[in-house]
Amino acid sequence: MFTEIKLSDLPGRKSKFNNEVAKDVMDFFESNMSAAEVNITKYKNAASAKSSYDQAIKASNVGVAVITRENRLFLIRK
């Protein structure tokens, strides 16, 4: 048996793993921007940040691509 609920009533993830990254991806996807640069100061380098963003994009199943250029990270709408 199950009970219908609103999507907004779903609880957030309990772990801190990728919560901020997933929020960044969804905020970008819901915006009207075609491209944006991501602040990656808390990461070792752009490659490690890209890995986190790739995982969040795959889990979210949204039309966003992530690329790196000159140790900088960018989100691009597909």
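Computed from the coordinates by the stated procedures, all read-outs in this text should not be read as laboratory data. Being a predicted model, the structure only gives us computed values, none of them experimental. Here the Cβ is made from the backbone with ideal geometry for all residues, glycine too, and neighbour counts use every protein chain on show.
At-a-glance table
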{"read-out": "FRET efficiency for residue 44 and residue 76, using Cβ-Cβ distance with R0 set to 35 Å, rounded to 0.05", "value": "0.95"}
{"read-out": "Expected 222 nm ellipticity per residue - DSSP helices of 4 or more, -39500 (n - 2.57), all of the chain, to 500", "value": "-11000 deg cm²/dmol"}
{"read-out": "Total charge dipole magnitude, the range 1-74, about the Cα centre, Cβ charges on Lys, Arg, Asp, Glu only, Debye to nearest 20", "value": "360"}
{"read-out": "Around residue 48: net Lys/Arg minus Asp/Glu count, Cβ-Cβ under 14 Å", "value": "+3"}
{"read-out": "From the C-alpha gyration tensor of the chain, square roots of 5λ in Å", "value": "27, 15, 10"}
{"read-out": "Given 42/78; 44/78; 6/78; 58/78, the pairs whose alpha carbons are separated by over 20 Å", "value": "42/78; 44/78; 6/78"}
{"read-out": "GluC sites (Glu not before Pro) restricted to DSSP loop in the chain with at most 14 other C-beta within 10 Å", "value": "4, 70"}
{"read-out": "Charge dipole of the range 19-77 about the Cα centre (unit charges at C-beta), most positive-ward option of 45, 33, 22", "value": "45"}
{"read-out": "Nearest 10 degrees, 0 to 90: helix 46-60 Cα axis against the chain principal axis", "value": "30"}
{"read-out": "Nearest-ten-degree value, helix 19-30 long axis tilted from longest Cα axis of the chain", "value": "90"}
{"read-out": "FRET efficiency estimate (nearest 0.05) - Cβ-Cβ, residue 30 to residue 3, R0 25 angstrom", "value": "0.35"}
{"read-out": "Contact order normalised by residue count of the chain, Cα under 8 Å, 6+ apart, percent", "value": "32"}
